[in-house]
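Down below is the structure, laid out as structure tokens.
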Amino acid sequence: MEGKTVYSAIQPSGNLTIGNYVGSIRNWLNMQSEYDCYFAMANMHAITVRQEPSELRRRTLELAALYIACGVDPEKCTLYVQSQVPQHAELAWVLNTLTYVGEMERMTQFKDKSRKHADNINMGLMDYPVLMAADILLYQADLVPVGQDQTQHVEITRDIAVRFNNRFGDTFTVPQALILKQGAKICSLQEPEKKMSKSDENPNASVYLTDDRDAILRKFKRAVTDSDSEIRLAPEKPGISNLLTIYASFTGKTAGEAEKDFAGKGYGEFKLAVGEAVADKLAPVQQEQARLLKDKAYLGGVLAAGAERAYKTARKTLSKVYRKIGFYQGE
Ligand code: TYM
């Protein structure tokens, strides 16, 4: 695995949930010493649904501070804002010409978001996976650590890469999604068959990374369980299984070990322990994020350096692409 490149990103839209942390950021941390990692704030993806400009700007910085507070080390990896590297949009345009409308219409997330934002089914919303393919392919990424909901987008990225390579000769590394068995889909605390989402209207369904201890404990106390009282992982017990997965992810235990911790205990004690594990882990992250946000000069420096590094790699790939497809680039 020496010399591999890792790429991932999160949209600075809405309030991040513990699902985003468990499904993505947490898995980035042990990769940064070993691989060449790029982690972005995907603000160009965020505008595919309406955003308040001042909020988008604020959330972008908050997300950068969050990455660092969680342990992403800007000395070891390239941390940058997507819109600061113009090649993302440029490559997306080229890749658009190799992507079929029918493929985009079939994307599950596009269908979900079209239902949710029926008054704003814009071209960007449909084109979103092509921009994501451009993100990943620009850096010749081998691995893309994401949650389960992004699998389809990484699959289409692979298809587009193979299509380009077949037509124009070997150009792109064909990436692989890296989806962990545990925590790839953290579910809603209120409807545990559904993914926990930043945009859920029920505030008790999601635990946000900005929630304080009281809110976290309260939400877990109210989490939907089931009528029997056994604490075990089972498909017919989605609420309990979800809480066990959250507990395991926040304590570094396996789900089996988590089950053992609660053998013979009641739901009340169990839910309190899950809430405490989450609150204990998030408190220092929140403190560090707040501290970083006060140091705008430091954050600005990190993001400028990250954008410069990302730009260098992106420019190299785009120039190769332009050469392959026959774009005039000067004599
Ligand atoms: P986004 O911003 O919706 O989510 C960021 C990451 O969090 C994961 N995730 C979850 N994991 C487990 N359980 C959940 N409930 C949960 N909810 C979200 C997502 O799978 C994702 O890994 N299109 C991407 C951002 C993106 C990107 C990229 C990712 C843009 N370009 C290139 C990888 C590579 C998105 O909207 O993620």
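The values are calculated or read from the model by the stated rules, or taken from the named source; none is laboratory data. Note that the coordinates shown come from a computational prediction; the quantities given were computed from them, not determined experimentally. A quick note on method: Cβ atoms are made from the backbone with ideal geometry, for glycine too, and the neighbour counts reach across all protein chains shown. For the accessible areas, the whole protein counts, side chains as well, though only heavy atoms, and no ligand, DNA or RNA atoms are used. Shrake-Rupley method; radii C 1.70, N 1.55, O 1.52, S 1.80 Å.
Below is a table of values for the structure above.
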read-out	value
Those residues of the range 160-189 whose amide nitrogen sits under 11 Å from the label point placed on K320, 7 Å along Cα→Cβ	170-174
The chain, helix-only ellipticity at 222 nm - DSSP H runs n ≥ 4, -39,500 (n - 2.57), divided by all residues, nearest 500	-16500 deg cm²/dmol
Whichever aspartates and glutamates have a C-alpha closer than 16 Å to that of K294, once near sequence neighbours (fewer than 8 apart) are set aside	E62
Segment R291-Y328, extension gain: residue separation times 0.36 nm, minus the distance between their alpha carbons	8.5 nm
Space enclosed by the convex hull of the alpha-carbon atoms of the chain, per residue, Å³	147 Å³
Which listed pairs, of K113/K320; K185/K219; K237/K271; K194/K237; K296/K320; K113/K237, have C-alpha distances above 24 Å, in listed order	K113/K320; K296/K320; K113/K237
The range 213-290, relative contact order [Cα under 8 Å, separation at least 6], %	38 percent
Exposed chymotrypsin sites (Phe, Trp or Tyr not before Pro) absent - longest run of the chain, DSSP non-H/G/I/E/B, at most 12 other C-beta within 10 Å	101-326
Average accessible area per residue (Å²) across the range 206-282 - probe 1.4 Å, nucleic acids and ligands excluded	47 Å²
Accessible surface of the chain [probe 1.4 Å, protein heavy atoms]: carbon and sulfur percent	50 percent
For V81, distant residues with modelled amide H under 5 Å away	M41, A307
Note, ³J(HN,Hα) from phi for the range 317-331, Karplus 6.51, -1.76, 1.60, rounded to Hz, x at Gly and Pro	5, 5, 5, 5, 4, 4, 5, 5, 8, x, 7, 5, 10, x, 8
Helix 267-294 axis, angle to the chain major axis (alpha carbon atoms, nearest 10°)	40 degrees
Point-charge dipole on Cβ atoms (K/R +1, D/E -1) for the chain, about Cα centre, debye to 20	400 debye
Whole-number accessible area per residue in Å² for the range 16-63, which is evaluated in the context of all protein chains at 1.4 Å	40 Å²
Whole-Hz couplings from phi, Karplus 6.51/-1.76/1.60, listed for the range 229-243; x for Gly and Pro	10, 8, 9, 8, 7, 6, x, 7, 10, x, x, 5, 4, 4, 5
The chain - Cys residues lacking any other Cys C-beta under 4.7 Å	C70, C187
Contour excess over end-to-end distance, with Cα ends at R222 and D73 and 0.36 nm allotted per residue	50.1 nm
Angle between the chain longest axis and helix 123-138 axis [Cα atoms, degrees, rounded to 10]	80 degrees
Förster radius 41 Å - calculated FRET efficiency between A234 and D159, Cβ distance, rounded to 0.05	0.70
Residues with amide H under 5 Å from that of L178, placed H, sequence gap 5 or more	V144, V146
